[in-house]
Amino acid sequence: MEFLQQINGSVIMQTKNEQFKKVYKEITKTSIESDVNYAASGSIHFNKQFFVITSGFLIIKAFPNKRVDEINEQVSFAFEVKNEMKPIKLKQIIYNEYISKDLKSMNLDVQLGVLLVLEIQGEFQKHQYNEQPIKLCQNLLQISSPLAIQGVELYQNCIRKAIVSKISTNLMLVDTVALYQMEGGSIYNLNFEYVGIILPICYFVNLNFYTLVLPFRYNQVESIRQITDPFIQSLINQTYSVVAKYQYGSGVIVSNYKKQTSYLVSAKHILDSSQGIQIVQVQQNHTNQYFTATTIKDYRDEYLDVFIAKLDKFIDAIDIKSIINTPPKLLDEVFCVGYGLQDIDNPMVTKGRVVKIIYDKENYIGFVHDGHLYNGYSGGGVFNNLGNLIAITSFNFSFDGIGKVCDFNFALRIQSLNNQFIKNMMQLQTRFEIPLINQIKSNL
């Protein structure tokens, strides 16, 4: 792994250009009057000669005409690796129209996909590149130098875990710690083969940062070759998009095969808090399934973040007898599925580990896990590593003054769903209140 430290580092950009200063202030939300000294992450590659690849988002915002000679005249570039500063020079700006289509489909700025190629002199280790298809929930490694401009050793070439959460044609979303100035950083597989470059972190509404990766090989952007893991696909097929009056989320459908009835289980906070009995739309576009469901009661006075709605028809779904209601063990692996980031066509999958079990006296209520979730996961299924439904996603709380530093999610146990399913759910004791629920706004 040591060789990764020799080919990853920080790209330093220094300029007096007023437009660059203006864009810098807008992006970083800071005030600055002196010359701008900005740093992003970057990595060294080889194709006939060595070059550095990094994000070009800030540069293209300041120099929209994309003239390389003008940029080189007004911006001094350097690459810091292993505490050694090497001068570099902009050679090429990469802008791929297929990437812009993917970004547009996610309602993101198309210029997030702009890359810079910079010449560097010297001899370096050469990257090995990933040749294998990418899978959802695949474990990856992220290396970057966030906040490198502060010159803090702690931030230089940090290596962290990353998990593939969503894949489009040319982009993938990875769940990882997200911090400023990690754009241009590298994603590797567990064989230390280069997978792609980290784009500038995105911020969705008032929620967490999330991290997009653009596959890159030698000196060109690549489309993603994807294969589907049958286990992950089975989890996806058990989770549905739920659209209420004002909000959307996710949910799971459970069926009582003896009574030939099916119910939606989801998070209460996606309902209209001013209404009693409500009708929600339930859909799964990739299987062309569309239903309506009516809540079985008025949930406005309930504490627990769960609601039950009866489907307009019986369907083949999770058997209520198969739901696990015993608490998991600490550090057990769990998988979460949801329709995040307002994309009801393509579900997202991630995984984490149980970090805390929640009890109300002796009664098991739910658990906290460290998987990274986003807006829209609410009500989605949480499964164990055998594929059994064990909970639904309730709420998320994080501490992210400069990015996603700490992120935990509360998963709510599904009450025992036997023949008295409806009765039990309607008679839940309301004296229990999820810790911090009045202090932490539900983000999901």
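The values are calculated or read from the model by the stated rules, or taken from the named source; none is laboratory data. This one's a predicted model, so the numbers in the text were calculated from it and none came from an experiment. Ideal geometry is used to build each Cβ from the backbone, glycine not excepted, and the neighbour counts take in all protein chains shown. Heads up: the accessible areas ignore ligands, DNA and RNA and are worked out on the full protein's heavy atoms, side chains in. Shrake-Rupley method; radii C 1.70, N 1.55, O 1.52, S 1.80 Å.
Quick notes on this structure:
- Residues of the stretch 99-113 satisfying the condition of being assigned to a loop (DSSP other than H, G, I, E, B) and at pLDDT 85 or above: Asp109
- Meets criteria (within 18 Å of Phe46 (Cβ to Cβ), in contact (Cβ under 8 Å) with a residue 24 or more places away in the chain and in contact with a Phe, Trp or Tyr (Cβ under 6 Å, 6 or more places away or on another chain)) for Phe192: no
- Residue identified as among the acidic types (Asp, Glu), in a loop (DSSP other than H, G, I, E, B), open to solvent by 30 Å² or more (accessible area, probe 1.4 Å) and touching a Gly at 6+ places or on another chain (Cβ under 7 Å) among Asp316, Asp298: Asp298
- Odd one out for Val114, checked against (1) within 23 Å of the chain's Cα centre (by Cα); (2) surrounded by fewer than 18 Cβ atoms within 10 Å (Cβ to Cβ); (3) of a type in the set (A, V, I, L, M): (2)
- Within the span defined as the stretch 169-183, one or more residues are modelled with pLDDT of 90 or more and β-branched (Val, Ile, Thr).
- Condition check for Lys321: open to solvent by 70 Å² or more (accessible area, probe 1.4 Å), touching a Phe, Trp or Tyr at 6+ places or on another chain (Cβ under 6 Å), more than 15 Å from Ser241 (Cα to Cα) and not aromatic (Phe, Trp, Tyr): no
- Filtered residue count, the stretch 243-277, keeping only those that are surrounded by 15 or more Cβ atoms within 10 Å (Cβ to Cβ), among the hydroxyl-bearing types (Ser, Thr, Tyr) and either assigned to a loop (DSSP other than H, G, I, E, B) or more than 30 Å from the chain's Cα centre (by Cα) (or both): 3
- Scan of the stretch 278-287 for residues that are farther than 13 Å from Gly251 by Cα and either more than 25 Å from the chain's Cα centre (by Cα) or assigned to a strand (DSSP E or B) (or both), ordered by number: Gln278, Ile279
- Cβ-Cβ distances below 9 Å connect the following pairs, each with a first residue in the stretch 250-275 that is among the β-branched types (Val, Ile, Thr), a second residue that is assigned to a loop (DSSP other than H, G, I, E, B) and open to solvent by 20 Å² or more (accessible area, probe 1.4 Å), and a separation of six or more residues or different chains: Val252/Gln238; Val252/Ala317; Ile253/Gln238; Ile253/Ala317; Val254/Ala317; Thr261/Phe314; Ile270/Tyr246; Ile270/Gln247.
- For Tyr240, the conditions (1) surrounded by 22 or more Cβ atoms within 10 Å (Cβ to Cβ); (2) under 23 Å from Glu302 (Cβ atoms); (3) modelled with pLDDT under 95 are fulfilled apart from (3).
- Test for Gly122: is it in a loop (DSSP other than H, G, I, E, B), at pLDDT 90 or above, out of contact with any Pro (no Cβ under 6 Å at 6 or more places or on another chain) and open to solvent by less than 10 Å² (accessible area, probe 1.4 Å): no
- In the stretch 56-76, the residues that are surrounded by fewer than 18 Cβ atoms within 10 Å (Cβ to Cβ) reach residues that are among the aliphatic types (A, V, I, L, M) with C-beta atoms within less than 6 angstrom, at least six apart or across chains, in these pairs: Lys66/Ile93; Val68/Leu90; Asn72/Leu90.
- Selection status of Gly42, touching an Asp or Glu at 6+ places or on another chain (Cβ under 8 Å) and either at pLDDT 90 or above or outside any strand (DSSP E or B) (or both): no
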